[in-house]
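Participant: Take a look at the following structure, please.
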Amino acid sequence: MLVAGNWKMYKRPAEAGEFCRALREADLGTVDVVVCPPYVSLSEAVAALAMTEIGVAAQNVHWADEGAFTGEVSAPMLRELGVYGTIVGHSERRQYFGETDETVVQRIAAAVKHGLHVIACVGETEAEREAGETEAVLRRQVGAIRDGIVDVDDLVIAYEPVWAIGTGKTATPEIAQEAHALVKSILAVPVLYGGSVKPENAAELAAQPDVDGALVGGASLDVESFATICREASI
Ligand code: 13P
């Protein structure tokens, strides 16, 4: 069971250090724990969590090792900071920054090549779910990853229905289970659930047979709430 906190564009370096020092002291149950701060706060998080089991991951990575790509950050750069992995293909990157299934695959391939663990995000929008397209969307998104990535040992998928992200509308455990089973039938890797995970719903989601953890946004920004989610998912 893995619980990862995606901080999105929250927490400056000093806040990140403070949060991580508090997290070291918290009771996190028995799950594997990862935090994903913004780029500028990665170093502080790595330093504050040194000699612990808590991993630090980025929120995105470029596919080239270096080059004329203004504003981008590469896998070797992240490795040198002591970062353990990265999120790729979050729906906010797909929605607002032109991320496609093709660029997702390129980013995952580069990350894996350089020894980063990857949390690759997939999920349908509300319109797609209402149009009965959920299965087709997941087949396309996960199929692209399956067809493009040979080494999946360090890869997990996060199923994050876009309609559940930041809305308080969590997928029911049944909806999550059905989607996770579909994802695993396409690509046999662990699958995290993301979308309004909170201390109150973490246990029932984690209890589903094909839910292997959680990718938590808003509720990961507070130490007590994040630690409670970790304990609730410790089954
Ligand atoms: P919320 O937990 O804030 O809904 O965000 C989910 C998410 O996008 C995690 O990557």
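Participant: Would you mind listing the strands (runs of 3 or more DSSP E) fully within segment 144-235 where at least 1 residues are without any contact (Cβ under 8 Å) to a residue 40 or more places away in the chain, touching a helix residue (DSSP H, G or I) at 6+ places or on another chain (Cβ under 6 Å) and open to solvent by less than 10 Å² (accessible area, probe 1.4 Å)?
Facilitator: Answer list for segment 144-235: 155-159, 191-194.
Participant: Separate question: For segment 1-49, name all the residues that are part of a loop (DSSP other than H, G, I, E, B) and either free of Cβ contacts under 8 Å to residues at least 12 places away in the same chain or not hydrophobic (A, V, I, L, M, F, W, C) (or both).
Facilitator: K8, Y10, K11, R12, D27, G29, T30, P37, P38
Participant: Could you identify the single residue in L138, L116 that is away from the ligand (no atom under 16 Å from the Cβ), in contact with a Ser or Thr (Cβ under 8 Å, 6 or more places away or on another chain) and within 26 Å of M1 (Cβ to Cβ)?
Facilitator: Going through L138, L116 in turn, just one is away from the ligand (no atom under 16 Å from the Cβ), in contact with a Ser or Thr (Cβ under 8 Å, 6 or more places away or on another chain) and within 26 Å of M1 (Cβ to Cβ): L116.
Participant: Being of a type in the set (D, E, K, R) and either touching a residue at least 12 places away in the same chain (Cβ under 8 Å) or outside any loop (DSSP other than H, G, I, E, B) (or both): is that true of E128 here?
Facilitator: Judged against the criteria, E128 is a match.
To keep it simple, each residue is scored yes or no on (1) surrounded by 17 or more Cβ atoms within 10 Å (Cβ to Cβ); (2) of a type in the set (D, E).
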site: K11; (1), (2): yes, no
site: E15; (1), (2): no, yes
site: V31; (1), (2): yes, no
site: V34; (1), (2): yes, no
site: A50; (1), (2): no, no
site: A75; (1), (2): yes, no
site: V88; (1), (2): yes, no
site: T103; (1), (2): yes, no
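The values are calculated or read from the model by the stated rules, or taken from the named source; none is laboratory data. For clarity, every value in this text was computed on a predicted model and none was experimentally measured. Cβ coordinates were reconstructed from backbone atoms using ideal geometry, including for glycine residues, and neighbour counts include every protein chain displayed. Just the protein is used for accessible areas: all its heavy atoms, side chains included, with ligands, DNA and RNA removed. Shrake-Rupley method; radii C 1.70, N 1.55, O 1.52, S 1.80 Å.
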